[in-house]
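The values are calculated or read from the model by the stated rules, or taken from the named source; none is laboratory data. Computed from a predicted structure; not experimentally measured. Ideal geometry is used to build each Cβ from the backbone, glycine not excepted, and the neighbour counts take in all protein chains shown. Heads up: the accessible areas ignore ligands, DNA and RNA and are worked out on the full protein's heavy atoms, side chains in. Shrake-Rupley method; radii C 1.70, N 1.55, O 1.52, S 1.80 Å.
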Number of protein chains: 2
Amino acid sequence: MHASKYHINTLKEAPAEAEVKSHQLMTRAGMIRKAAGGIYTYMPLGLKVIRKIEGIVREEMNRAGAIELLMPVVQPAELWVESGRWEQYGAELMRIKDRHQRDFVLQPTSEEVITDIARNEIHSWRQLPLNFYHIQTKFRDERRPRFGLMRGREFTMKDAYSFDRDEASAQASYDAMFEAYMRIFTRLGLEFRAVAADTGSIGGTRSHEFQVVADTGEDLIVYNPNSQYAANIELAVAPCLLAQRGPATETLSKTATPDAPKCEIVAQQLGKPLTDTVKSIVLATETDGKPAQTRIWLLLLRGDHDLNEIKTGKLAGFENGYRFATEDEILDTFGCVPGYLGPIKPLKPVTVIADPTVANMSDFICGANDEGFHYTGVNWGRDLPEPQVADLRNVVAGDPDPQGGQLAIQRGIEVGHVFFLGDKYSKAMGATFLENDGKPAMLQMGCYGIGISRIAAAAIEQNHDDRGIVWPRAIAPFEVVICPMGLHKSETVRNAAETLYQELCAQGVDVILDDRDIRPGIMFADWELVGVPVRVTIGDRGLKENLIEIQTRRQETAAKIPVTEALAHTLEQLKSL
Amino acid sequence: MHASKYHINTLKEAPAEAEVKSHQLMTRAGMIRKAAGGIYTYMPLGLKVIRKIEGIVREEMNRAGAIELLMPVVQPAELWVESGRWEQYGAELMRIKDRHQRDFVLQPTSEEVITDIARNEIHSWRQLPLNFYHIQTKFRDERRPRFGLMRGREFTMKDAYSFDRDEASAQASYDAMFEAYMRIFTRLGLEFRAVAADTGSIGGTRSHEFQVVADTGEDLIVYNPNSQYAANIELAVAPCLLAQRGPATETLSKTATPDAPKCEIVAQQLGKPLTDTVKSIVLATETDGKPAQTRIWLLLLRGDHDLNEIKTGKLAGFENGYRFATEDEILDTFGCVPGYLGPIKPLKPVTVIADPTVANMSDFICGANDEGFHYTGVNWGRDLPEPQVADLRNVVAGDPDPQGGQLAIQRGIEVGHVFFLGDKYSKAMGATFLENDGKPAMLQMGCYGIGISRIAAAAIEQNHDDRGIVWPRAIAPFEVVICPMGLHKSETVRNAAETLYQELCAQGVDVILDDRDIRPGIMFADWELVGVPVRVTIGDRGLKENLIEIQTRRQETAAKIPVTEALAHTLEQLKSL
């Protein structure tokens, strides 16, 4: 490609609304242009990146035996009613009516359509296993779309759906996808982690996320640097930090702690470590009956720990969801304002659930259910009944890994997700097949997503510097840029540039020759912003000594290379990336 | 690909609603599955065809210098309001509201978004010419979607948009696209015609359609078998069939023609040829003023000719559209019921427009504006004033081509369209650039569409037989199928089949080996239905004599070829297709 025949249009400034680096840099590099909030045109350079990502994903999906098809963007509501998602999905589901007032959705994923296809196409166990995938435009009507391609409304996603005879076979399909994802993200050239994850609203029982490691990520990954262990913080089991409960050595005493509604202040006032305090969190759930009954719960964490809301949502009795109790409910139950609450003798009976670490604490400090007072020297069994125990907290860096070593935490961007669905959709939609005993059985399903357009943004969040994007070679819009200095004035430069260009093309390198009549400084800045991995600079001065300059995007200075070695050296640099 | 790892699911019967061959055969071959009316899943075999079509289109667009990007499916209404199409487009435009009640459309084409991009990206004449294209999902909310991929609601289209400094340069861009389209449809292996076409609702001044020749086509193509001339019947100029007006030899006389409201019956009653009769068509238009005034027109065609409604719509005074006059309007203007109307002394003055052939007729027959009576021996000038003259009729086969020879007519399916738009959109949306004199000028635009998914259907309408589809090689889902007989029982057969399979793969041939454990008859029927161009049959009986069988899809019998020549012969057969 010659730049003069292409469309390169970089911007000095990113739009004010671009909050994250990838949004800023993709806009400045001319890779995306906004059409509406969360809806972008992929400009030529941006589309090249997307297509390279798609290409790698497609190759590895095919290698893993998945079969590509293409399900429609616009899908009939009937199928979504069958699965139950027409009701369950909130405002993010884009619902539309056609001219005959029939309901449709713009698909955010395609479980319904693929299950409908499966129930019509799969008759016999002989056809199984099957794994269908497509790479298709998706739509989610985010309330506040931001962050460019990181969280768009219209985006490109690869979603695959596996169908198996039984759970063991479905697990094998899941494992094959897991392996394919490992290959995909490795080939994309990204630092990533496969982490155990919560199954969330898609449902099912097993799930892994693929997270691109980046300081700007929204997700927190718990991992052990010395083992394979990695899990989303939502799911990561927090270890009990006290191997066993110590003996009671203090007496229970009620102490004045004026203006100390937080554990940090209480610890300070009492001259005790924060790890001696216990935090009280009051939640409310509603029971099923009519009228619904409200039930109040007291959850206890150590003062330095935070509540994990996903784990909380999985507690027995929390099936219908939960909320923080209102101040009125708290007053009514504890006879005290928040900030001084505790498990000892509340006004009304309340179920107490303690985190495992709290359950092993002794001589601890907690609120006295009396404004301005805390208890010290509190001991389970002696001063209050033994609590229910459940993992309630987020892991923190330094927590011991029960398998050995310490846990660490890093931020990540979710770019892939694999789910074991079981018969969630096949049951709802009656997708059966005939087993070899002639009897119908439910198809066991898995689903597997990769956010194609999101990967482009995540790659940038992970790989950029002050000058612009630093693409991994596999997904760079071009692998090499040739920057001739004064090509419009010097035939020698033009010939040398064209020769190297042709040689690189012949080697299958994706190269662009910048034949625009612009100043070198502007040219260099453009390509550093765009993030092309290797730059070759050719100028009259160097050519007089038979030299050209080669510099990778991460290098600070260029290497001077004899013209005769230009091709070999460029290929070598590429290989090293 | 091995068939056992793929998804092949043919059907004995097409759904009752499938009216056209392509819909029937794509469904039976398992290439498409209906998700809703006019909305289909491309199943694996169908998607392969679509991708091959896309690949050829993409290569030739790139070769012609067009630059690929990707505009969104969901587009903001604001841009459509600016262009005026939000008002003009009817119910086929799928309009949607997001959760904030903002208006959007599902794009049927992307003139607005690309013009918005152009006005932001193109600043200077130095950036021109530019041609952007994308291959994207389109939506048109057809009132009665039918015919499978031939007229779907959701479909795949390539649309390109060129931007130029002036009309001459824009014409060059148009010509380059025309040439690219010629290459594309040639490479697709389809019999097609590039025909001059009406510009319709997209507007602009020059336009060609690319029509795939097929008896089942909805369009009529007028062409000269001995020249390059071809035009859509909507546009094709109908020649005057009488070089000059003959002398008046008969006297005007009013003749009883009871129960003869049609020219055919009048001619029969009077024992005259149909070509002596003139047909009266009464139309109404509304003038601009308020209240609108209705104006009545009388159009005259020779009795054997048909009105061309597109040409009629272009008559001076018909700018706001037209309709057929009501019976009340006819009675009021002519004092007579339809069937006996004519241009001689209507009750009220009416503008008479005659087709050129009618204008040169003499001694002709027309209605007498008196129920049950016609005039014979009618002559212009003598019996009634000279008419306005305009081309009003459809060409009929056998009409002389003014350039020599005779015109013929064949049916076609429109699969591509190129338009010169001029400044229609750039003016409406203020898309200017700075000319080399520093002054702003309007971008001159062209737009160029190809119906990707429609091509698949059109290819089938043109290429099928009783057994199924006969794909052109370039877009066949597979180029070669190897059918081993009894592969599950014979290692010899299995080895021979696998060897040839590997050899063909190594040659870059897109081949499938049917390793399913099914009977030969079913296997053959499947592949004839799917339409794979070359079939290689390998069986124990043949192998004993070192022979295999090769048969192209159009051949009635197979050729027996020595095993050692299998690869060479298969490649040769492919090359011949």
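Given the pairs A:LYS5/A:LYS48; A:LYS5/A:LYS575; A:LYS48/A:LYS158; A:LYS97/B:LYS97; A:LYS158/A:LYS311; B:LYS52/B:LYS158, which are separated by over 20 angstrom at their Cα positions?
A:LYS5/A:LYS575; A:LYS158/A:LYS311
Averaged over its residues, how many other protein chain Cβ atoms are within 10 Å of peptide B:72-84's Cβ atoms?
Mean number of neighbouring Cβ atoms from other chains: 4.
Can you give me the relative contact order of segment B:478-576 as a percent, contacts being Cα pairs under 8 Å and 6 or more apart?
30
How big is the dipole moment of segment B:253-389 about its Cα centre under a simple scheme where the beta carbon of each Lys and Arg is +1, that of each Asp and Glu is -1, and everything else is neutral? Debye, nearest 20, please.
Around 240 debye, computed over segment B:253-389.
Roughly to the nearest percent, how much of the accessible area of segment A:1-85 is carbon and sulfur, given a 1.4 Å probe?
That fraction is 51 percent.
Give me a comma-separated list of calculated 3J(HN,Hα) values for segment A:129-138, in order, Karplus coefficients 6.51, -1.76, 1.60 applied at θ = phi - 60°, integers in Hz, x for any Gly or Pro.
Result, rounded to whole Hz: x, 9, 9, 9, 9, 9, 10, 9, 5, 10.
In percent, how large is the relative contact order of chain A, given Cα pairs closer than 8 Å and 6 or more residues apart?
For chain A, the relative contact order is 17 percent.
Might you work out the accessible area of B:ASP288 for me, using a 1.4 Å probe with all protein chains in place, and round it to the nearest 10 Å²?
Surface accessible to solvent at B:ASP288 totals approximately 130 Å².
What accessible area, summed over both chains, is buried at the A-B interface (1.4 Å probe, Å², nearest 100)? Working shown, then result.
Working: alone 26260 and 26260 Å², together 48260 Å².
Protein heavy atoms only, the A-B interface buries about 4300 Å².
Report ³J(HN,Hα) in whole Hz for each residue of segment B:191-196, in order, from the Karplus equation J = 6.51 cos²θ - 1.76 cosθ + 1.60 where θ = phi - 60°; Gly and Pro get x.
Those phi angles translate into 7, 9, 9, 8, 10, 4 Hz.
Leaving out ligands, DNA and RNA, and with a 1.4 Å probe, what % of the accessible surface on segment A:253-389 is carbon or sulfur?
The computed percentage sits at 52.
Using only the alpha-carbon atoms, how far is helix A:566-576 inclined from the longest principal axis of chain A? Give it as 0 to 90 degrees, nearest 10.
Its long axis makes an angle of about 10 degrees.
Could you tell me how many degrees, from 0 to 90 and to the nearest 10, lie between the Cα long axis of helix B:44-63 and the main elongation axis, the longest principal axis, of the Cα atoms of chain B?
Taking the Cα atoms of chain B, the angle to B:44-63 is about 70 degrees.
Enumerate the amide H contacts of A:MET94 below 5 Å, restricted to partners 5 or more residues apart or on another chain; note that Pro and chain-start residues carry no placed amide H.
A:LEU106, A:ASP141
How much of the DSSP beta bridge set in segment A:478-576 is antiparallel, as a percent to the nearest 5?
Just about 50 percent of them are antiparallel.
Tell me, what is the Rg over Rh of segment B:142-210, with Rh the Kirkwood radius over Cα pairs?
My calculation puts Rg/Rh at 1.02.
Quick one: putting +1 on the C-beta of Lys and Arg, -1 on the C-beta of Asp and Glu, what dipole do you get for the protein assembly as shown around its Cα centre, in Debye to the nearest 20? Walk me through the intermediate numbers first.
Working: 128 positive and 158 negative charges, 118 e Å.
Magnitude of the dipole: close to 560 debye.
Summarise the partner chain shielding of B:9-16 as one whole number: the mean count of Cβ atoms from other chains within 10 Å of each residue's Cβ.
1
Among B:PHE373, B:PRO349, B:PRO387, flag the residue with its Cα farthest along the positive direction of the charge dipole of segment B:253-389, charges on Cβ as +1 for Lys/Arg and -1 for Asp/Glu.
Value computed over the given set: B:PRO387.
Rounded to a whole number, what % of the accessible area of segment B:478-576 do carbon and sulfur atoms account for, probe 1.4 Å?
On the way: 2350 of 4880 Å².
Carbon plus sulfur share of accessible area: 48 percent.
Could you give the radius of gyration (one decimal) and Dmax (whole number) of the Cα atoms in chain B, in Å?
29.6, 93
For B:ILE353, which sequence-distant residues (separation of 5 or more, or a different chain) have an amide H within less than 5 Å of its own amide H, given hydrogens modelled in the peptide plane?
Close amide H contacts, sequence-distant or interchain: B:LEU298, B:LEU299, B:LEU300.
Positive end of the charge dipole of the protein assembly as shown (Lys, Arg +1 and Asp, Glu -1 on Cβ, about the Cα centre): tell me which of B:THR275, B:ILE522, A:MET94 has its Cα farthest that way.
Going by the charge dipole, the pick is B:ILE522.
Select from segment A:20-57 all residues whose loss of accessible area on going from the chain by itself to the full protein assembly reaches 20 Å² or more (probe 1.4 Å).
Residues shielded by partner chains are A:ARG33, A:ALA35, A:ALA36, A:ILE39, A:THR41, A:TYR42, A:MET43, A:PRO44, A:LEU47, A:ARG51.
Looking at the square roots a ≥ b ≥ c of the eigenvalues of the Cα gyration tensor of segment B:1-65, which shape do they give, rounded for a/c under 1.5, prolate if a/b is larger than b/c, or oblate?
Oblate, because a/c is 1.5 or more while a/b does not exceed b/c.
Using a label point 7 angstrom from Cα along Cα-to-C-beta, what distances in nm, from shortest up, separate B:ARG144 from the other copies?
5.0
For the protein assembly as shown, just the Cα set please: Rg and Dmax, both in angstrom.
Expressed in Å, the Cα Rg and Dmax of the protein assembly as shown come to 37.4, 136.
Any idea how far the Cα center of segment A:235-260 sits from the one of segment B:21-61, in Å?
Taking the Cα centre of segment B:21-61 as reference, the centre of segment A:235-260 is 66 Å away.
Considering only protein heavy atoms, what per residue accessible area in square angstrom results for chain A with a 1.4 angstrom probe?
42
Roughly how big is chain A's charge dipole about its Cα centre, with Cβ charges of +1 (Lys, Arg) and -1 (Asp, Glu), in debye to the nearest 20?
1140
In terms of Cα to Cα distance under 20 Å, which aspartates and glutamates are near enough to B:LYS314, apart from those fewer than 8 places away along the same chain?
Straight-line reach from B:LYS314, under 20 Å: B:ASP198, B:GLU209, B:ASP219, B:GLU234, B:GLU286, B:ASP288, B:ASP306, B:ASP355, B:ASP391.
Compute from the Cα atoms of segment B:478-576 the Rg and the Dmax, the latter being the longest Cα-Cα distance, and quote both in angstrom.
Radius of gyration, then largest Cα-Cα span, for segment B:478-576: 12.0, 34 Å.
Under 5 Å between amide H atoms, partner at least 5 residues away or on a different chain: which partners does A:LYS279 have, H built in plane at 1.01 Å?
For A:LYS279, the qualifying residues are A:LEU301, A:ARG302, A:GLY303.
Using each residue's phi in segment A:160-174, evaluate 6.51 cos²θ - 1.76 cosθ + 1.60 at θ = phi - 60° and report the 3J(HN,Hα) Karplus result to the nearest Hz, with x for Gly and Pro.
10, 9, 9, 10, 9, 6, 8, 5, 5, 5, 5, 5, 5, 5, 4
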